1. For the range 122-263, what does the alpha-carbon gyration tensor say about shape, rounded, prolate or oblate, given a ≥ b ≥ c as the root eigenvalues, a/c under 1.5 as rounded, and a/b over b/c as prolate?
2. Within 10 Å of each residue's Cβ, count the other Cβ atoms and sort Phe159, Phe206, Phe165 from fewest upward.
3. Assign one of three labels to the range 193-279, namely rounded, prolate or oblate, based on the Cα gyration tensor with a ≥ b ≥ c the square roots of its eigenvalues; rounded applies when a/c is under 1.5, prolate when it is not and a/b is larger than b/c, and oblate otherwise.
4. Which trypsin sites (Lys or Arg not before Pro) from the range 147-178 combine a DSSP loop assignment with at most 16 other Cβ atoms within 10 Å?
5. Only counting other Cβ atoms within 10 Å, I'd like Thr185, Thr77, Thr169 sorted with the fewest neighbours first.
6. Among Cys51, Cys71, which comes first, second and so on when ranked by fewest other beta-carbon atoms within 10 Å?
7. List the relative contact order of the range 122-263 as a percent without decimals, with contacts defined as Cα pairs under 8 Å and 6+ residues apart.
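Readers should treat all values here as calculations from the given coordinates under stated rules, not as data from a laboratory. No experiment lies behind these values; they were computed from the predicted model shown. Every residue, glycine among them, receives a Cβ derived from its backbone with ideal geometry; neighbour counts consider all protein chains shown.
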Amino acid sequence: MTERKPNHPEARRIAKLACPVRAAALAGTITLTISTMARSSEVSLVIQNACRAAIAQQAGSMAQTDTDNICKCVSDTVLGAISAADIESTKPEVITRSTRDAYKSCRVKMSVMPQEPSRKNDIQGIRLGMTEREANVVITPGKRPSLVYTKSMEPSRIFEIEHIFQSGTSPREMISIVSEQFNMTPIKADWSAEIAHATTARLEPFTTLWGTTKLVVAVGGLLAQWRSAGLKLELRLNSPATANAPNEYILKLLDEDLKKRDIDAANAKRDAGLEAQRAINPQPKF
């Protein structure tokens, strides 16, 4: 007499989910066929199993603990991009989600591969893209930098930070320090001419409020600039050191991409307003 195996509908559902996952592995995407009332815990198990199988083929000698931690992270990351409606669907759905970025970031998080140094995008804890409410939480009393917010985006966000500070560090050394702190390379190697110009007193024309021009003694100026991935960083010497005071610097950090998006949003609002006016009065007399 043949022994009858117990019926496990949950096991069959998990097997059904796993089928399309095996082929995709971690090459770039995981495709999930979500069957009737599949729960997120079941989908998580499928992703983790596919992840373990792929790591066994690709990495081979990775420790089991590292594999388990990475695959749990990949599952959480992928599931974070899938809505509850997708997972709790009462009809079959096919959902494809990228896993390459999830796998890479999870390996970094678990310290299994060297982490690339992150690019600093804040000054004194105030970060580009922050709202005014977020910035007020981290601003040190009495040390508020100059902040410029977007005007056509909701909510308004910081796209420029300007910080004035004093330091006995020389301009050339300050350029090196800023480069190291922000993990950015200046747009050129030699800033000797700019340093000499900024640290030397000179006569420059100055136009008064009444439109007259006169020569005045000027000091300071641009020391160096950096650009990378939509960020612009600028270091200026506001005033050179004197017997009574150290160098005074101005450090400006700008998100050029966010600034452009704000300008584009302003132009879009203007165009929409003009279209609305034309709709009301398509043939103005003036």
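1. Judged from the Cα gyration tensor, the range 122-263 comes out prolate (a/c at least 1.5, a/b above b/c).
2. Phe206, Phe165, Phe159
3. Since a/c reaches 1.5 but b/c is at least a/b, the shape of the range 193-279 is classed as oblate.
4. Passing both the DSSP loop test and the Cβ count: Lys151.
5. Ranked by crowding around the Cβ, least crowded first: Thr185, Thr169, Thr77.
6. Least to most surrounded, the residues fall as Cys71, Cys51.
7. Relative contact order for the range 122-263 comes out at 25 percent.
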